[in-house]
1. Given the peptides 122-128, 103-109, arrange them by the average over their residues of other C-beta atoms within 10 Å, most packed first.
2. Calculate the spin-label point distance for Leu13 paired with Leu26, positioning each point 7 Å from the Cα along the beta-carbon direction, and give it in nanometres.
3. Pop the C-beta distance of Glu54 and Asn107 into the FRET formula with R0 = 25 Å and round what comes out to the nearest 0.05.
4. Over the chain, what relative contact order in percent results from Cα pairs under 8 Å that are six or more residues apart?
5. Given a cut-off of 19 Å, name the pairs among Lys45/Lys142; Lys98/Lys137; Lys100/Lys137; Lys98/Lys142; Lys42/Lys103; Lys58/Lys80 whose C-alpha atoms lie farther apart than that in the structure shown.
6. For Lys45 and Thr70, what does the FRET efficiency come to when R0 = 22 Å and r is the distance between their Cβ atoms, rounded to the nearest 0.05?
7. Using just the helices of the chain, give the 222 nm mean residue ellipticity in deg cm²/dmol: DSSP H runs with n ≥ 4 each add -39,500 (n - 2.57), and the total is spread over all residues, rounded to 500.
8. Based on the alpha carbon coordinates of the stretch 40-145, what radius of gyration and maximum Cα-Cα distance (Dmax) apply, in Å?
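Taken together, the values in this text are just the output of simple stated rules run on the coordinates, not laboratory data. Model, not experiment: these values are computed from the prediction. Note that each Cβ is placed from the backbone with ideal geometry, even for glycine, and that neighbours are counted across all protein chains shown.
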Amino acid sequence: MTLSAKNEKGFTLIELMVVVVILGVLAGLIVPRLMGRTDEAKQVKAQVDIAAIETALKLYRLDNGNYPPTEQGLMALVEKPASDPMPVKWHEGGYLEKGKTPKDPWNREYLYLCPGIHGDFDIISYGGDGAPGGEGKDRDIKSWELE
């Protein structure tokens, strides 16, 4: 066995310790930055959901001449309403993908009001805490505030 073959057997303990320390430093710098992104991603998802619901509501209105009232709720976009005002030309298969109303990222129903206080209709997710108001991760996502 030659001298060069002995040197190629593996890593020394010092080399392994240096790699572990470097990985620890990188994890310490990167992980905290990613941790806060979960709440931000949920808020963005709620905004996208609300925009999709708004589009479905507009299609419903084009077909039927009005938005579903609060009593019929967002279910009118999935199942043909059986109460007044009856839809004139309800689209077979509904207006939302997957045939169900989406829940917000915190697994709660979106609040739907029609007529709305801020427009023809209002759609609200109460954010992380599920209660009106709040800041940061608990901030409400409202249809009339979307860009």
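1. Values: 122-128: 21.9, 103-109: 14.4.
Top to bottom by mean Cβ count within 10 Å: 122-128, 103-109.
2. Spacing of the two 7 Å Cα→Cβ label points: 2.5 nm.
3. Efficiency at R0 = 25 Å is approximately 0.75.
4. 19
5. Details: Lys45/Lys142 13 Å; Lys98/Lys137 28 Å; Lys100/Lys137 26 Å; Lys98/Lys142 23 Å; Lys42/Lys103 12 Å; Lys58/Lys80 16 Å.
Cα-Cα > 19 Å for Lys98/Lys137; Lys100/Lys137; Lys98/Lys142; rest within.
6. Working: r = 24 Å, r/R0 = 1.09.
With a Förster radius of 22 Å, E is 0.40.
7. Working: 3 runs with 56 residues, N = 147.
Taking each H run of at least 4 residues, the total per residue is -13000 deg cm²/dmol.
8. So, for the stretch 40-145, Rg and Dmax equal 13.8, 42 Å respectively.
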